[in-house]
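Structure first, commentary second.
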Number of protein chains: 2
Amino acid sequence: MTTEVPEVSGGRRRPGRRPGRRPGSADTRGEILAAARRVFAEKGFDKATIRGIAREAGVDPALVHHYFDSKEGMFVAAMRLPMDPSEVLPLILSGPREEVGERLVRFILTITADPAAREPLLGLVRTAMVNEQAVGMVREFFTTAVLGRVAEALDVPPLRMQAAFAQLFGVVMTRYILRFEPLASADVEEIVALVGPTMQRYLAG
Amino acid sequence: MTTEVPEVSGGRRRPGRRPGRRPGSADTRGEILAAARRVFAEKGFDKATIRGIAREAGVDPALVHHYFDSKEGMFVAAMRLPMDPSEVLPLILSGPREEVGERLVRFILTITADPAAREPLLGLVRTAMVNEQAVGMVREFFTTAVLGRVAEALDVPPLRMQAAFAQLFGVVMTRYILRFEPLASADVEEIVALVGPTMQRYLAG
């Protein structure tokens with residue numbers, strides 16, 4: 001299978017890394033990310049820790065913190081996701097409550113309009129469709145770092161939150177993977193007008 | 001990759017089939033279905049014909065008609081789908097218009113609750129996620145034989161129809177592939193109550 005997300009299920013630390021390389025080199029950051037991919041795949045998002053990833057990478061946890069503010073930030077970088085939900089969600093959720101559904105639809109469709117941002121995300125979903133380790137990791141990341149955050153900010157019960165997620169997830173899949181017309185070619189604002197009220201009903205109903 | 005849908009992209013008619021086998025044997029039906037899978041993968045759903053499938057199988061078109069009433073019925077059998085939309089949709093669409101959203105959600109969740117019915121459908125979706133031939137075939141079958149039929153019966157514009165599809169598709173993916181809780185374990189009627197009004201708004205709004 002072809003996938004844009006390497007190593008989600010695989011590989012141990014490679015032997016023979018040279019000792020004494022300088023902390024702060026591009027190589028160190030890359031090795032931390034490779035270690036993070038292995039640990040996230042093996043433990044899932046919730047049980048992975050910065051300390052455990054540092055151990056897997058053979059570096060001091062302080063060095064991991066030097067590169068990445070949070071476990072979420074590390075997951076985002078390791079999976080090459082287009083944005084860190086802990087950074088963007090507060091902005092989307094802090095505007096007028098009666099338009100939050102529209103803002104979420106517009107944000108997701110605007111981000112995913114760029115193939116360079118979209119492909120790693122679709123790659124992760126494709127992998128999750130066929131790989132149990134990846135699906136666990138994706139499930140935990142989305143429920144903890146994305147849906148949990150929105151649900152808490154807006155006081156939405158989990159099932160409603162997941163119905164809203166399913167609507168947006170379905171739109172992205174139908175637009176970019178199944179490519180049904182006219183949805184695949186529709187203007188962002190046309191979809192916002194159609195799907196925004198659904199999101200609004202789930203999130204603020 | 002593991003998939004429950006064999007041969008979507010492949011294989012020519014195998015050589016050396018014994019001549020003179022009796023029409024009407026189980027083997028003949030199986031060979032017609034294998035030929036159908038090859039033709040649907042190669043030509044897509046819209047351009048495939050019963051005549052072309054008969055030619056690929058090396059049998060008379062009348063024999064294909066003997067086994068399968070329609071191209072849709074042959075696609076359903078070839079992909080081992082749980083139901084033929086040309087049979088079930090008229091029943092769902094003919095009830096009270098103000099409850100059609102609920103009926104569709106209930107029907108899809110009831111069908112997919114049975115793993116034996118669900119797995120071939122999920123297998124087809126998994127294959128479509130990573131295979132361009134399969135995605136074309138799936139897209140044409142769903143837009144022509146499912147969405148087109150609903151849209152015509154209810155007089156729904158295509159983009160609304162696809163937003164409704166995206167909602168249900170997203171629910172099935174989130175419930176059975178990503179397995180987010182509580183959606184994965186929720187009662188069918190709880191989901192019907194939550195998602196039915198969304199479907200109703202798209203289909204009858």
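The values are calculated or read from the model by the stated rules, or taken from the named source; none is laboratory data. Just so we're clear, the structure is a prediction, and the values are computed from it rather than from any experiment. Using ideal geometry, Cβ is built from the backbone for each residue, glycine included, and neighbour counts are taken over all protein chains shown. For the accessible areas, the whole protein counts, side chains as well, though only heavy atoms, and no ligand, DNA or RNA atoms are used. Shrake-Rupley method; radii C 1.70, N 1.55, O 1.52, S 1.80 Å.
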**Request:** Tell me, yes or no, whether the range A:76-96 has at least one residue that is in contact with a Leu (Cβ under 8 Å, 6 or more places away or on another chain) and crowded, with 21+ Cβ neighbours inside 10 Å.
**Result:** yes
**Prompt:** Hey, among the residues in the range B:71-105 that are small (G, A, S) and in a loop (DSSP other than H, G, I, E, B), which one's nearest to the chain's Cα centre (by Cα)?
**Reply:** B:S94
**Request:** From the list A:F169, A:F165, A:F180, A:F141, pick out the single residue that is part of a helix (DSSP H, G or I) and open to solvent by less than 10 Å² (accessible area, probe 1.4 Å).
**Result:** A:F141
**Prompt:** How many residues does the range B:187-205 contain that are open to solvent by 10 Å² or more (accessible area, probe 1.4 Å) and of a type outside the set (S, T, N, Q)?
**Reply:** 10
**B:S94, sole failed condition from (1) away from chain A (no Cβ under 13 Å); (2) in contact with a Pro (Cβ under 9 Å, 6 or more places away or on another chain)** = (2)
**Message:** Can you report the number of residues in the range A:111-159 which are of a type in the set (G, A, S) and over 14 Å from the mean Cα position of the chain (by Cα)?
**Reply:** 4
**Prompt:** Looking at the range A:124-138, which of its residues are more than 10 Å from chain B (Cβ to nearest Cβ) and either open to solvent by less than 20 Å² (accessible area, probe 1.4 Å) or in contact with a Gly (Cβ under 6 Å, 6 or more places away or on another chain) (or both)?
**Reply:** A:L124, A:A134, A:M137
**Residues of the range B:160-205 satisfying the condition of being within 23 Å of the chain's Cα centre (by Cα), at the interface with another protein chain (Cβ under 8 Å from one of its Cβ atoms) and of a type in the set (G, A, S)** = B:A163, B:A166, B:G170
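Okay, residues lined up against (1) closer than 21 Å to A:L178 by Cβ; (2) of a type outside the set (A, V, I, L, M):
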residue: A:T49; (1), (2): no, yes
residue: A:Y67; (1), (2): no, yes
residue: A:S70; (1), (2): no, yes
residue: A:L81; (1), (2): no, no
residue: A:R103; (1), (2): no, yes
residue: A:L122; (1), (2): yes, no
residue: A:A128; (1), (2): yes, no
residue: A:L147; (1), (2): no, no
